[in-house]
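The values are calculated or read from the model by the stated rules, or taken from the named source; none is laboratory data. These figures come from a predicted structure and were not determined experimentally. Heavy atoms of the whole protein, side chains included, go into the accessibility calculation; ligands, DNA and RNA do not. Shrake-Rupley method; radii C 1.70, N 1.55, O 1.52, S 1.80 Å.
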Amino acid sequence: MIVFSASQFSLVWGLMATMAYALGAIFGGRLSAAQSRHYLWLISLFHGLSVIASLIPAEDGLARFGFAPALSATAWLVLLVYTIEHHWFPQMQTRWLMSGAGMVAVMLPLVFPGHALHNASSVWLPFHWLLGMASYALFAAAVVHASLMNRAERQIRVGAVDPTGLPLLTLERLTFRFVNLGFALLTATLLAGWLFGEQLYGPDKALRFDHKTVLALMAWFVFLVLIWGRKHRGWRGALAVRTLYGGALCLFLSYAGSRFVTEVLLGRSEEHTSELQSRVDISY
């Protein structure tokens with residue numbers, strides 16, 4: 001009997017998800033609405049299994065997490081949102097965008113598995129991550145719909161056929177539904193990190209005002225301004241979309257961006273950083 005290791009299991013499902021994305025991009029236009037829905041669920045299954053595989057402890061017994069698994073999980077949740085949405089709006093045409101982003105996201109954890117988790121981390125930590133990744137995904141879905149809204153608006157101005165397949169007002173309504181839901185989950189994520197930081201991440205791991213926290217709070221404030229501006233000032237169009245993009249950029253940089261710099265550009269893991277800090281403390 002063949003027994004796959006964690007890394008092999010992740011590789012198998014990652015490659016299968018990548019192949020499913022590629023085939024969907026190439027041949028998706030030839031499928032009927034029902035076939036397209038079924039195939040989207042198949043891709044969601046493969047990508048979901050690759051996300052789970054990337055979180056399985058490796059041969060050294062340590063589970064890992066970082067910017068690449070976070071992006072892959074976010075892309076998977078966006079795909080689930082799109083798959084569910086496709087039942088109500090089968091005319092939406094975004095398979096090339098979804099396939100391109102999905103293929104990149106699903107392959108990243110194979111190259112950058114992330115850092116090993118702290119031994120003192122709580123069993124509730126994955127739920128905190130899930131809350132954060134869900135807010136990431138909802139804002140990512142809002143950004144996708146906002147880009148489609150921009151494209152539809154440009155097509156209307158020149159009198160061309162809108163390739164998105166959805167009315168402009170429908171796209172706008174969907175965009176801000178995702179913004180509102182994402183804001184609620186982001187608020188819950190920040191509150192959980194603030195109130196239960198030590199319980200989630202271990203001793204001396206309470207919420208600190210480092211660059212990740214500051215960027216996340218900046219994103220929260222930008223989204224708060226966006227929601228207030230839309231409700232009380234009627235913000236829409238370019239102003240609302242640019243504000244959304246600004247908040248989404250801050251949110252992306254708060255975790256995925258900062259972990260990319262630490263893990264890839266600087267080549268440091270969280271454990272290595274903690275070890276260096278401990279040595280500095282001892283020396284003093």
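Exposure check, 1.4 Å probe, all protein chains in place: Ser99 carries approximately 10 Å² of accessible surface. Note that region 73-79 has calculated 3J(HN,Hα) couplings of 5, 5, 4, 5, 5, 4, 4 Hz, one per residue in order, obtained from phi through the Karplus relation 6.51 cos²θ - 1.76 cosθ + 1.60 (θ = phi - 60°); glycine and proline are x.
The figure for Glu263 is an accessible area of roughly 40 square angstrom, using a 1.4 Å probe on the protein chains alone.
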